[in-house]
1. Relative contact order of the chain, please, whole-number percent, based on alpha carbon pairs below 8 angstrom and at least 6 residues apart.
2. Work out Dmax and Rg for region 135-193 from the C-alpha atoms and quote the Rg first, both in angstrom.
3. So, by mean Cβ neighbours within 10 angstrom, what's the order for 307-313, 32-38 with the highest one leading?
4. Starting at 0 and stepping by 20 Å, how many percent of the alpha carbon pairs of the chain end up in each bin?
5. For region 215-326, rounded, prolate or oblate, judged on the Cα gyration tensor with a ≥ b ≥ c (square roots of eigenvalues), a/c < 1.5 rounded, else prolate if a/b > b/c?
6. Report the gain in length on full extension from residue 29 to residue 54: 0.36 nm times residue separation, minus Cα-Cα distance, nm rounded to one decimal.
7. Determine the dipole magnitude for the chain: charges of +1 sit on the beta-carbon of Lys and Arg, -1 on that of Asp and Glu, nothing else is charged, the reference point is the Cα centre, and the result goes in debye to the nearest 20.
8. So, with +1 on the Cβ of K and R and -1 on the Cβ of D and E, and no other charges, what is the size of the charge dipole of region 1-100 about its Cα centre, to the nearest 20 debye?
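The values are calculated or read from the model by the stated rules, or taken from the named source; none is laboratory data. As the structure is a computational prediction, the values presented were derived from the model and not from experiment. Counting neighbours? That spans all protein chains shown, and the Cβs are built from the backbone with ideal geometry, glycine included. Just so you know, the surface numbers come from the protein's heavy atoms only, side chains and all, with ligands and any DNA or RNA stripped out. Shrake-Rupley method; radii C 1.70, N 1.55, O 1.52, S 1.80 Å.
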Amino acid sequence: MIETVVDIDCLTFLLVSIFILGIGILLTRTLPLLRTLNIPAAVSGGLIGCGLVAYVNLFTPWHLQFDLSLRDNLLLIFFSTIGLAARFKQLKEGGKTLAAVIGVMIAFLFLQNAVGIGVACLVGCPPIFGLLGGTIAFVGGHGTAITWGTLLEAQGWAGALEFSLAAATLGLIVGGVLAGPISQHLIRRFELESLSLPSDAVAESPVTMPTSLEGMFGIVLLIATSLSVGLGIHLFTLDWGIVLPRFLPIMLVAILLINLLDWGNISINDSALSFWNDVSLQLFLVMSLMNLQILSWMQTAGPLLIILGVQTLCAGLFAYFVVFWAAGRDYDASVICAGFTGMVLGAMPVGMANMTTITQRYGPSPKALLVIPLLGACCMDIANAVVIQFFLMLSP
């Protein structure tokens, strides 16, 4: 059978992804199992899309190839919205919980890389692939995986980019599936309830959307400024030989912008910010899952799946026995566990999707929705970059 490559342009990919996301929302609303496991709609829909793409590639003469430029830009938009939600004045509100979660998060960065390198050596892979199957792919996500995978391939590590992208995508799936049951088990075992609403008032709150271009444009302008300045900084740092994921300077610029606005007593439209955050997050997840090219990583599937299995076990146990207790052993802590599990296996987008799914079912958690974005915006990616450099210096 002669294979024909079918290039799917970014607009067609976007349209298909919207329909796939709609299927995920419908499935989540109608199938009790998905609701019970608290699986995000983008994950359930994305897996359906992944299966359809795999079927076409395996059993038809066509091989679908997607233009990922829009997906990668959605990731940049998402991290700009995370930065725009990180106000320094809110750091005090997170208080001891934020400090405790930052501490255990940094400890886990070292643990995840050590586990990845150790398992890679046991299965006969170079240690550098254990680092790719550590915080580079799982905590850093696709942005960091692309950055380091490309760099390591240029240094002679064949298959590094393919391996890191496969790890990031599989981590996205596992992080989206594992976090809900962990958080739900904690809620039921310790009989936890949201303190923000009465127990009989748990319901999904409607989001008030701006009704005019003027109401939306302020956020659009801030996102565009963050992207423009951040990408410029990224190019500048590359000229100096400093390797950073593209989203990191964008997020830092967004943090600076929102805090300058706060200093000048200038308010922003929070509902518009939530809209862009949710849209970019959900579509990014769907596109990433649909682009999971199963055949392309079959040669490394054995070692990769072993590393993923051990990392999943470590992340789940760490969230359950360390993060929950460090975060206060209450309802907010259980939601933080969902966000943490998603972040350390599928990066920030999955963590946010997990927490949204949990709070829609069990009730609001303002503290968790403050702590996890602040952790991601102010600490996690910077700390991850430092930890990665530390392990690279130790490697032969």
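1. Once divided by the residue count of the chain, the mean separation gives 30 percent.
2. According to the Cα coordinates of region 135-193, Rg and Dmax are 16.3, 53 Å.
3. Listed from highest to lowest mean packing, they are 307-313, 32-38.
4. Values per bin, smallest distances first: 28, 61, 11, 0.
5. Working: a/c = 1.94, a/b = 1.63, b/c = 1.19.
Verdict is prolate for region 215-326.
6. Result: 6.5 nm gained on full extension.
7. Roughly 780 debye for the chain.
8. 840
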